[in-house]
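Worksheet: the structure to be examined is printed underneath.
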Amino acid sequence: MSEFSVNGLRVVVVGAARSGVAAAELLVRRGAQVILTDVKDSISEVKRIKKLGVTLELGGHRQETLERAELIVLSPGVSPKLVAIDRIRRQGTPVISEIELAARWLRGRVVAVTGTKGKSTTTVLTGRMLEADGRRALVGGNLGTALSSQVEMSSPDLIHVVEASSFQLELTKTFCPWISVFLNLSPDHLDRHASYQEYVDAKARIFANQTSSDAIVINADDPHVLEVARRSRAKRLMFSVSQSLDEGVLVAGDVVAHRTRSGDRVLLPVSAVRLLGRHHLSDVLAAAAVGTFVGISARGMWSAVESFTGMAHSLETVGEVDGVQFINDSKATNILSARAAMECFDHDLVVIMGGRFKGGDLKDLRPVLKTRVKALITIGESRPQLREAFSGFVELEEANDLADAVSLAFDVARPSGTVLLAPACASLDMFTDYAERGRAFKAEVGRLQVKENYIGP
(Lines give C-alpha, C1' and ligand atoms only; values in the text may rest on other atoms or scores of the structure.)
Protein backbone atom coordinates (compact mmCIF):
# COMPACT_ATOMS: atom_id res chain seq x y z
CA MET A 1 0.00 0.00 0.00
CA SER A 2 2.36 2.67 -1.29
CA GLU A 3 -0.12 5.50 -0.57
CA PHE A 4 0.46 5.06 3.17
CA SER A 5 2.84 7.79 4.41
CA VAL A 6 4.42 8.61 7.75
CA ASN A 7 6.58 11.45 6.45
CA GLY A 8 6.90 14.07 9.20
CA LEU A 9 4.64 12.06 11.54
CA ARG A 10 5.43 11.67 15.26
CA VAL A 11 5.51 7.89 15.72
CA VAL A 12 6.14 6.04 18.97
CA VAL A 13 7.30 2.42 18.76
CA VAL A 14 6.61 0.58 22.02
CA GLY A 15 8.95 -2.32 22.76
CA ALA A 16 12.61 -2.34 21.78
CA ALA A 17 13.05 -6.02 20.99
CA ARG A 18 13.72 -7.32 17.47
CA SER A 19 10.38 -6.27 15.92
CA GLY A 20 10.32 -2.87 17.57
CA VAL A 21 13.84 -1.99 16.47
CA ALA A 22 13.09 -3.09 12.89
CA ALA A 23 9.89 -1.01 12.87
CA ALA A 24 11.74 2.04 14.18
CA GLU A 25 14.41 1.71 11.50
CA LEU A 26 11.79 1.38 8.77
CA LEU A 27 9.84 4.40 10.02
CA VAL A 28 12.94 6.59 10.09
CA ARG A 29 13.74 5.63 6.51
CA ARG A 30 10.20 6.63 5.58
CA GLY A 31 10.56 10.09 7.10
CA ALA A 32 8.88 9.71 10.49
CA GLN A 33 9.99 11.32 13.75
CA VAL A 34 10.49 8.16 15.80
CA ILE A 35 10.66 7.54 19.52
CA LEU A 36 11.46 3.97 20.61
CA THR A 37 10.43 3.21 24.17
CA ASP A 38 10.91 0.22 26.45
CA VAL A 39 10.45 -0.67 30.12
CA LYS A 40 13.98 -2.07 30.27
CA ASP A 41 16.75 0.20 31.49
CA SER A 42 19.15 -0.90 28.76
CA ILE A 43 19.07 -2.60 25.37
CA SER A 44 21.68 -3.70 22.87
CA GLU A 45 22.70 -1.60 19.86
CA VAL A 46 21.94 1.74 21.55
CA LYS A 47 24.58 3.62 19.55
CA ARG A 48 23.37 2.24 16.20
CA ILE A 49 19.74 3.05 16.98
CA LYS A 50 20.53 6.62 18.02
CA LYS A 51 22.78 7.09 14.98
CA LEU A 52 19.76 6.36 12.78
CA GLY A 53 18.00 9.33 14.30
CA VAL A 54 15.69 7.36 16.62
CA THR A 55 15.02 8.92 20.02
CA LEU A 56 15.38 6.25 22.69
CA GLU A 57 13.41 6.31 25.95
CA LEU A 58 14.16 3.51 28.41
CA GLY A 59 12.95 2.63 31.88
CA GLY A 60 9.23 2.92 31.13
CA HIS A 61 6.64 4.24 28.70
CA ARG A 62 6.13 7.95 29.41
CA GLN A 63 2.53 9.10 29.26
CA GLU A 64 3.44 12.47 27.76
CA THR A 65 5.37 10.73 24.95
CA LEU A 66 2.41 8.49 24.11
CA GLU A 67 -0.03 11.41 24.21
CA ARG A 68 2.05 13.39 21.69
CA ALA A 69 2.18 10.47 19.24
CA GLU A 70 0.27 10.59 15.97
CA LEU A 71 0.78 6.86 15.45
CA ILE A 72 1.80 4.10 17.87
CA VAL A 73 3.35 0.81 16.74
CA LEU A 74 3.37 -2.03 19.28
CA SER A 75 5.90 -4.83 19.38
CA PRO A 76 4.24 -8.26 19.78
CA GLY A 77 5.45 -8.57 23.36
CA VAL A 78 3.58 -5.43 24.45
CA SER A 79 -0.08 -5.83 25.34
CA PRO A 80 -2.51 -3.22 23.97
CA LYS A 81 -4.29 -3.53 27.33
CA LEU A 82 -1.56 -1.70 29.18
CA VAL A 83 -3.32 1.17 30.92
CA ALA A 84 -1.23 3.83 29.17
CA ILE A 85 -1.73 2.26 25.71
CA ASP A 86 -5.43 1.59 26.21
CA ARG A 87 -6.02 5.20 27.26
CA ILE A 88 -4.37 6.50 24.09
CA ARG A 89 -6.40 4.11 21.90
CA ARG A 90 -9.62 5.33 23.49
CA GLN A 91 -8.60 8.90 22.70
CA GLY A 92 -8.42 7.98 19.01
CA THR A 93 -4.68 7.70 18.36
CA PRO A 94 -4.10 4.83 15.88
CA VAL A 95 -2.32 1.86 17.48
CA ILE A 96 -1.15 -0.88 15.13
CA SER A 97 1.10 -3.94 15.21
CA GLU A 98 4.50 -4.23 13.57
CA ILE A 99 3.29 -6.61 10.85
CA GLU A 100 0.43 -4.23 10.06
CA LEU A 101 2.94 -1.42 9.60
CA ALA A 102 5.27 -3.46 7.40
CA ALA A 103 2.51 -4.98 5.27
CA ARG A 104 1.31 -1.53 4.22
CA TRP A 105 4.54 -1.07 2.26
CA LEU A 106 5.17 -4.58 0.96
CA ARG A 107 5.23 -4.99 -2.80
CA GLY A 108 5.37 -8.78 -2.71
CA ARG A 109 2.57 -11.19 -1.89
CA VAL A 110 2.11 -12.60 1.61
CA VAL A 111 1.53 -16.14 2.80
CA ALA A 112 0.63 -15.89 6.50
CA VAL A 113 0.60 -18.89 8.84
CA THR A 114 -1.18 -19.04 12.19
CA GLY A 115 -2.39 -21.66 14.64
CA THR A 116 -1.70 -22.78 18.18
CA LYS A 117 1.17 -25.08 17.21
CA GLY A 118 3.22 -25.89 14.13
CA LYS A 119 3.52 -22.33 12.80
CA SER A 120 7.31 -22.22 12.60
CA THR A 121 7.67 -25.62 10.94
CA THR A 122 4.99 -24.83 8.36
CA THR A 123 6.38 -21.37 7.66
CA VAL A 124 9.96 -22.52 7.13
CA LEU A 125 8.95 -25.55 5.07
CA THR A 126 6.70 -23.44 2.84
CA GLY A 127 9.60 -21.07 2.22
CA ARG A 128 11.89 -23.98 1.35
CA MET A 129 9.32 -25.42 -1.07
CA LEU A 130 9.14 -22.08 -2.85
CA GLU A 131 12.92 -21.81 -3.06
CA ALA A 132 13.27 -25.41 -4.27
CA ASP A 133 10.89 -24.55 -7.09
CA GLY A 134 12.94 -21.51 -8.08
CA ARG A 135 10.66 -18.90 -6.53
CA ARG A 136 11.89 -15.84 -4.62
CA ALA A 137 10.78 -16.12 -1.00
CA LEU A 138 11.57 -14.56 2.37
CA VAL A 139 10.58 -16.17 5.66
CA GLY A 140 9.88 -14.02 8.70
CA GLY A 141 7.36 -12.69 11.18
CA ASN A 142 7.06 -14.24 14.64
CA LEU A 143 9.67 -16.78 13.52
CA GLY A 144 12.53 -14.40 14.21
CA THR A 145 13.00 -11.99 11.30
CA ALA A 146 10.73 -8.97 11.63
CA LEU A 147 8.60 -8.28 8.58
CA SER A 148 9.66 -4.61 8.78
CA SER A 149 13.23 -5.64 7.95
CA GLN A 150 12.01 -7.12 4.64
CA VAL A 151 10.13 -4.10 3.30
CA GLU A 152 13.03 -2.56 1.37
CA MET A 153 13.74 -5.93 -0.30
CA SER A 154 10.13 -6.50 -1.29
CA SER A 155 9.22 -6.70 -4.97
CA PRO A 156 6.21 -7.95 -6.95
CA ASP A 157 7.89 -11.29 -7.69
CA LEU A 158 8.71 -11.95 -4.02
CA ILE A 159 6.61 -14.07 -1.67
CA HIS A 160 6.81 -13.25 2.03
CA VAL A 161 6.05 -16.31 4.18
CA VAL A 162 5.07 -14.92 7.56
CA GLU A 163 4.50 -16.66 10.87
CA ALA A 164 1.70 -14.67 12.51
CA SER A 165 0.93 -14.96 16.22
CA SER A 166 -2.23 -13.76 17.95
CA PHE A 167 -0.15 -10.92 19.46
CA GLN A 168 0.76 -9.69 15.98
CA LEU A 169 -2.67 -10.18 14.46
CA GLU A 170 -4.82 -8.56 17.15
CA LEU A 171 -3.90 -5.02 16.07
CA THR A 172 -4.05 -5.53 12.31
CA LYS A 173 -6.45 -3.31 10.39
CA THR A 174 -5.65 -3.69 6.66
CA PHE A 175 -3.37 -6.77 6.75
CA CYS A 176 -4.48 -8.97 3.86
CA PRO A 177 -2.48 -12.10 3.01
CA TRP A 178 -2.70 -13.60 -0.44
CA ILE A 179 -2.87 -16.99 1.27
CA SER A 180 -3.76 -17.52 4.93
CA VAL A 181 -2.94 -20.80 6.65
CA PHE A 182 -4.85 -21.83 9.78
CA LEU A 183 -3.29 -24.95 11.30
CA ASN A 184 -5.12 -25.71 14.53
CA LEU A 185 -6.76 -24.07 17.50
CA SER A 186 -6.80 -24.65 21.26
CA PRO A 187 -6.57 -22.41 24.35
CA ASP A 188 -3.29 -20.52 24.58
CA HIS A 189 -1.92 -17.18 25.78
CA LEU A 190 -4.80 -16.80 28.24
CA ASP A 191 -2.37 -14.97 30.47
CA ARG A 192 -2.65 -12.10 27.96
CA HIS A 193 -5.98 -12.57 26.23
CA ALA A 194 -8.98 -12.03 28.52
CA SER A 195 -10.73 -15.16 27.23
CA TYR A 196 -10.41 -18.01 24.80
CA GLN A 197 -12.84 -16.22 22.50
CA GLU A 198 -10.63 -13.15 22.47
CA TYR A 199 -7.70 -15.37 21.49
CA VAL A 200 -9.78 -16.95 18.70
CA ASP A 201 -10.89 -13.55 17.44
CA ALA A 202 -7.27 -12.37 17.30
CA LYS A 203 -6.28 -15.42 15.25
CA ALA A 204 -9.25 -14.97 12.93
CA ARG A 205 -7.98 -11.54 11.91
CA ILE A 206 -5.62 -13.38 9.55
CA PHE A 207 -8.39 -13.59 6.98
CA ALA A 208 -10.52 -10.58 8.00
CA ASN A 209 -9.55 -8.54 4.93
CA GLN A 210 -9.28 -11.33 2.38
CA THR A 211 -11.60 -11.45 -0.62
CA SER A 212 -12.68 -14.17 -3.00
CA SER A 213 -9.48 -13.66 -5.00
CA ASP A 214 -7.40 -14.78 -2.00
CA ALA A 215 -7.14 -18.22 -0.42
CA ILE A 216 -7.24 -19.86 2.99
CA VAL A 217 -5.60 -23.21 3.73
CA ILE A 218 -7.36 -24.93 6.63
CA ASN A 219 -7.01 -28.10 8.67
CA ALA A 220 -10.00 -30.35 8.06
CA ASP A 221 -9.02 -32.43 11.11
CA ASP A 222 -9.65 -29.55 13.51
CA PRO A 223 -13.35 -28.73 14.03
CA HIS A 224 -12.46 -25.45 15.77
CA VAL A 225 -10.56 -24.27 12.70
CA LEU A 226 -13.44 -25.25 10.43
CA GLU A 227 -15.85 -23.27 12.59
CA VAL A 228 -13.69 -20.14 12.61
CA ALA A 229 -13.01 -20.43 8.87
CA ARG A 230 -16.70 -19.83 8.21
CA ARG A 231 -15.90 -16.13 8.65
CA SER A 232 -13.58 -16.17 5.65
CA ARG A 233 -14.64 -15.00 2.19
CA ALA A 234 -11.54 -16.47 0.55
CA LYS A 235 -11.26 -19.63 -1.53
CA ARG A 236 -10.68 -22.71 0.63
CA LEU A 237 -8.20 -25.50 0.27
CA MET A 238 -8.33 -28.12 2.98
CA PHE A 239 -5.71 -30.60 4.17
CA SER A 240 -6.09 -33.69 6.32
CA VAL A 241 -3.87 -36.35 7.82
CA SER A 242 -6.73 -38.68 8.74
CA GLN A 243 -9.66 -38.03 6.39
CA SER A 244 -10.39 -39.06 2.82
CA LEU A 245 -11.32 -35.65 1.48
CA ASP A 246 -13.33 -35.21 -1.70
CA GLU A 247 -10.96 -32.35 -2.55
CA GLY A 248 -7.79 -31.15 -0.87
CA VAL A 249 -4.33 -32.33 0.21
CA LEU A 250 -4.34 -35.64 2.05
CA VAL A 251 -2.52 -38.83 2.88
CA ALA A 252 -3.48 -41.48 0.34
CA GLY A 253 -1.80 -44.70 1.35
CA ASP A 254 1.94 -44.10 1.35
CA VAL A 255 1.85 -40.77 -0.53
CA VAL A 256 0.77 -37.17 0.00
CA ALA A 257 -1.61 -36.24 -2.79
CA HIS A 258 -3.68 -33.34 -4.04
CA ARG A 259 -7.17 -34.64 -4.74
CA THR A 260 -9.47 -32.93 -7.20
CA ARG A 261 -12.59 -34.01 -9.04
CA SER A 262 -10.40 -35.21 -11.88
CA GLY A 263 -8.28 -37.45 -9.64
CA ASP A 264 -5.22 -37.52 -7.39
CA ARG A 265 -1.92 -35.80 -8.13
CA VAL A 266 0.93 -37.35 -6.15
CA LEU A 267 3.04 -34.68 -4.45
CA LEU A 268 5.56 -36.73 -2.44
CA PRO A 269 5.95 -40.05 -0.60
CA VAL A 270 5.18 -40.04 3.12
CA SER A 271 8.59 -41.66 3.59
CA ALA A 272 10.21 -38.37 2.52
CA VAL A 273 9.01 -36.77 5.77
CA ARG A 274 11.89 -36.93 8.26
CA LEU A 275 10.14 -35.17 11.13
CA LEU A 276 9.16 -36.91 14.35
CA GLY A 277 5.44 -36.91 15.17
CA ARG A 278 2.18 -37.16 13.25
CA HIS A 279 1.42 -33.52 14.01
CA HIS A 280 4.47 -32.60 11.93
CA LEU A 281 2.99 -34.58 9.05
CA SER A 282 0.03 -32.22 9.30
CA ASP A 283 2.43 -29.26 8.98
CA VAL A 284 3.92 -30.84 5.86
CA LEU A 285 0.46 -31.19 4.33
CA ALA A 286 -0.31 -27.55 5.13
CA ALA A 287 2.86 -26.40 3.35
CA ALA A 288 2.06 -28.69 0.43
CA ALA A 289 -1.43 -27.20 0.21
CA VAL A 290 0.10 -23.73 -0.09
CA GLY A 291 2.46 -25.10 -2.72
CA THR A 292 -0.47 -26.53 -4.64
CA PHE A 293 -2.21 -23.17 -4.68
CA VAL A 294 0.97 -21.35 -5.73
CA GLY A 295 1.78 -23.94 -8.41
CA ILE A 296 4.95 -25.44 -6.95
CA SER A 297 6.07 -28.58 -8.74
CA ALA A 298 5.87 -31.95 -7.00
CA ARG A 299 9.63 -32.21 -7.42
CA GLY A 300 10.10 -28.93 -5.51
CA MET A 301 7.87 -30.11 -2.67
CA TRP A 302 9.56 -33.49 -2.44
CA SER A 303 13.04 -31.99 -2.46
CA ALA A 304 12.20 -29.48 0.28
CA VAL A 305 10.53 -32.03 2.55
CA GLU A 306 13.21 -34.67 2.13
CA SER A 307 15.99 -32.24 3.10
CA PHE A 308 14.12 -30.71 6.05
CA THR A 309 15.07 -32.24 9.41
CA GLY A 310 13.10 -29.87 11.61
CA MET A 311 13.42 -26.73 13.70
CA ALA A 312 15.68 -26.18 16.64
CA HIS A 313 13.85 -26.75 19.94
CA SER A 314 11.04 -28.64 18.19
CA LEU A 315 11.32 -32.38 18.99
CA GLU A 316 15.05 -31.92 18.51
CA THR A 317 17.18 -34.96 19.30
CA VAL A 318 19.89 -33.77 21.68
CA GLY A 319 21.78 -37.00 22.31
CA GLU A 320 22.11 -40.11 24.39
CA VAL A 321 23.68 -40.54 27.81
CA ASP A 322 24.22 -44.05 29.19
CA GLY A 323 21.26 -45.45 27.23
CA VAL A 324 18.90 -42.52 27.94
CA GLN A 325 17.70 -40.41 25.00
CA PHE A 326 17.18 -36.64 25.43
CA ILE A 327 14.67 -34.73 23.30
CA ASN A 328 14.32 -30.93 23.28
CA ASP A 329 10.82 -29.61 22.57
CA SER A 330 11.16 -26.25 24.31
CA LYS A 331 8.83 -24.77 21.67
CA ALA A 332 6.00 -26.79 23.22
CA THR A 333 4.78 -23.80 25.21
CA ASN A 334 1.12 -24.80 25.45
CA ILE A 335 -0.94 -27.85 26.34
CA LEU A 336 -1.71 -28.88 22.75
CA SER A 337 1.96 -28.83 21.74
CA ALA A 338 3.09 -30.72 24.84
CA ARG A 339 0.45 -33.40 24.29
CA ALA A 340 1.45 -33.81 20.64
CA ALA A 341 5.09 -34.20 21.68
CA MET A 342 4.35 -36.88 24.25
CA GLU A 343 2.19 -38.79 21.77
CA CYS A 344 5.32 -39.36 19.67
CA PHE A 345 6.62 -41.84 22.26
CA ASP A 346 5.19 -45.15 23.46
CA HIS A 347 6.33 -45.59 27.05
CA ASP A 348 9.13 -45.09 29.60
CA LEU A 349 8.94 -41.35 28.96
CA VAL A 350 10.18 -38.90 31.57
CA VAL A 351 8.84 -35.41 30.90
CA ILE A 352 10.24 -32.11 32.15
CA MET A 353 7.35 -29.66 32.33
CA GLY A 354 6.71 -26.20 33.73
CA GLY A 355 7.41 -22.51 33.49
CA ARG A 356 4.92 -19.65 33.27
CA PHE A 357 1.47 -21.15 32.66
CA LYS A 358 -0.45 -19.53 29.80
CA GLY A 359 -3.87 -21.00 30.49
CA GLY A 360 -5.97 -23.96 29.41
CA ASP A 361 -6.98 -27.16 31.19
CA LEU A 362 -3.96 -29.15 32.37
CA LYS A 363 -6.19 -32.14 32.95
CA ASP A 364 -6.31 -32.56 29.15
CA LEU A 365 -2.82 -34.04 29.52
CA ARG A 366 -3.89 -36.81 31.87
CA PRO A 367 -4.70 -39.44 29.20
CA VAL A 368 -1.30 -39.17 27.52
CA LEU A 369 0.48 -39.03 30.88
CA LYS A 370 -1.31 -42.20 31.98
CA THR A 371 -0.42 -44.22 28.89
CA ARG A 372 3.05 -42.99 27.95
CA VAL A 373 4.76 -41.21 30.85
CA LYS A 374 6.78 -42.90 33.57
CA ALA A 375 7.40 -39.73 35.59
CA LEU A 376 6.94 -35.97 35.47
CA ILE A 377 9.65 -33.55 36.61
CA THR A 378 8.29 -30.04 37.18
CA ILE A 379 10.09 -26.67 37.08
CA GLY A 380 9.29 -23.00 37.41
CA GLU A 381 6.45 -20.99 38.87
CA SER A 382 3.77 -23.39 37.60
CA ARG A 383 4.89 -26.22 39.90
CA PRO A 384 1.92 -25.77 42.30
CA GLN A 385 -0.55 -25.91 39.38
CA LEU A 386 1.12 -28.99 37.94
CA ARG A 387 1.14 -30.65 41.38
CA GLU A 388 -2.58 -29.97 41.78
CA ALA A 389 -3.38 -31.33 38.31
CA PHE A 390 -1.22 -34.46 38.36
CA SER A 391 -0.27 -35.42 41.94
CA GLY A 392 -1.33 -39.02 42.58
CA PHE A 393 -1.96 -39.47 38.87
CA VAL A 394 1.65 -39.85 37.75
CA GLU A 395 4.98 -40.11 39.57
CA LEU A 396 5.94 -36.46 40.11
CA GLU A 397 9.08 -34.73 41.37
CA GLU A 398 9.71 -31.01 41.70
CA ALA A 399 13.08 -29.61 40.60
CA ASN A 400 14.76 -26.43 41.79
CA ASP A 401 15.86 -25.42 38.31
CA LEU A 402 16.44 -26.87 34.84
CA ALA A 403 19.83 -28.33 35.77
CA ASP A 404 18.26 -30.13 38.71
CA ALA A 405 15.41 -31.31 36.46
CA VAL A 406 17.79 -32.85 33.89
CA SER A 407 19.67 -34.68 36.63
CA LEU A 408 16.48 -36.00 38.26
CA ALA A 409 15.00 -37.02 34.89
CA PHE A 410 18.19 -38.87 33.95
CA ASP A 411 18.13 -40.89 37.16
CA VAL A 412 14.47 -41.81 36.72
CA ALA A 413 14.81 -42.66 33.01
CA ARG A 414 17.66 -45.13 33.44
CA PRO A 415 18.53 -47.55 32.01
CA SER A 416 16.86 -47.05 28.63
CA GLY A 417 14.14 -44.42 28.80
CA THR A 418 13.62 -41.09 27.07
CA VAL A 419 13.74 -37.64 28.66
CA LEU A 420 11.52 -35.10 26.91
CA LEU A 421 11.53 -31.36 27.59
CA ALA A 422 7.89 -30.46 26.83
CA PRO A 423 7.15 -27.52 29.13
CA ALA A 424 3.49 -26.79 28.21
CA CYS A 425 4.36 -23.32 29.57
CA ALA A 426 6.14 -20.16 28.56
CA SER A 427 9.73 -19.66 29.62
CA LEU A 428 9.61 -16.10 30.93
CA ASP A 429 9.79 -16.98 34.63
CA MET A 430 13.27 -18.46 34.14
CA PHE A 431 14.51 -17.56 30.64
CA THR A 432 14.20 -14.79 28.06
CA ASP A 433 12.42 -17.09 25.60
CA TYR A 434 11.90 -20.72 24.61
CA ALA A 435 15.15 -20.72 22.61
CA GLU A 436 17.25 -19.80 25.64
CA ARG A 437 15.45 -22.51 27.61
CA GLY A 438 16.18 -25.05 24.86
CA ARG A 439 19.84 -24.07 24.70
CA ALA A 440 20.11 -24.38 28.49
CA PHE A 441 18.57 -27.87 28.31
CA LYS A 442 21.06 -28.94 25.65
CA ALA A 443 23.92 -27.49 27.69
CA GLU A 444 22.86 -29.48 30.75
CA VAL A 445 22.65 -32.67 28.67
CA GLY A 446 26.13 -31.87 27.35
CA ARG A 447 27.47 -31.53 30.89
CA LEU A 448 25.83 -34.81 31.79
CA GLN A 449 27.50 -36.49 28.82
CA VAL A 450 30.89 -35.22 29.92
CA LYS A 451 30.28 -36.35 33.49
CA GLU A 452 29.09 -39.84 32.55
CA ASN A 453 31.89 -40.39 30.05
CA TYR A 454 34.61 -39.19 32.40
CA ILE A 455 36.92 -41.87 33.65
CA GLY A 456 38.92 -40.72 36.64
CA PRO A 457 42.60 -41.37 37.29
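The values are calculated or read from the model by the stated rules, or taken from the named source; none is laboratory data. These numbers come from a predicted model, not from an experiment. Virtual Cβ from ideal backbone geometry, glycine too; neighbours counted across all protein chains shown.
Observations, loosely collected:
- A single member of 186, 180, 213 is part of a loop (DSSP other than H, G, I, E, B), among the hydroxyl-bearing types (Ser, Thr, Tyr) and either crowded, with 19+ Cβ neighbours inside 10 Å or touching a Leu at 6+ places or on another chain (Cβ under 7 Å) (or both), and it is 186.
- Total residues in segment 158-177, condition aromatic (Phe, Trp, Tyr) and part of a loop (DSSP other than H, G, I, E, B): 1
- Residues being outside any helix (DSSP H, G or I) and surrounded by 15 or more Cβ atoms within 10 Å (Cβ to Cβ) - total across segment 415-454: 15
- Scanning segment 410-431 for residues that are over 27 Å from the mean Cα position of the chain (by Cα) and touching a residue at least 24 places away in the same chain (Cβ under 8 Å) returns 410, 412, 413, 414, 415, 416, 417.
- Members of segment 261-283 found to be in contact with a Gly (Cβ under 9 Å, 6 or more places away or on another chain) and at pLDDT 95 or above, listed by number: 267, 270, 282, 283
- Residue among 82, 74 that is assigned by TED's automatic domain parsing to the domain that holds residue 21, out of contact with any Gly (no Cβ under 8 Å at 6 or more places or on another chain) and of a type outside the set (Val, Ile, Thr): 82
- Screening residue 405 against (1) in contact (Cβ under 8 Å) with a residue 12 or more places away in the chain; (2) within 27 Å of residue 144 (Cα to Cα) leaves a single unmet condition, (2).
- Residue check, residue 370 buried (at least 17 other Cβ atoms within 10 Å of the Cβ) and either assigned to a helix (DSSP H, G or I) or of a type outside the set (Val, Ile, Thr) (or both): no
- Flag for residue 5 being under 28 Å from the mean Cα position of the chain (by Cα) and not assigned by TED's automatic domain parsing to the domain that holds residue 194: no
- When each of 136, 192 is tested for being closer than 20 Å to residue 296 by Cβ and surrounded by fewer than 22 Cβ atoms within 10 Å (Cβ to Cβ), the lone residue that passes is 136.
- Residue in segment 26-41 that is surrounded by 15 or more Cβ atoms within 10 Å (Cβ to Cβ), touching a residue at least 60 places away in the same chain (Cβ under 8 Å) and hydroxyl-bearing (Ser, Thr, Tyr) present: no
- Counting the residues of segment 42-71 that are modelled with pLDDT under 90 and not in a helix (DSSP H, G or I) gives 5.
- Annotation note: of 161, 113, the sole residue that is buried (at least 24 other Cβ atoms within 10 Å of the Cβ) and either assigned by TED's automatic domain parsing to the domain that holds residue 333 or within 17 Å of residue 209 (Cα to Cα) (or both) is 113.
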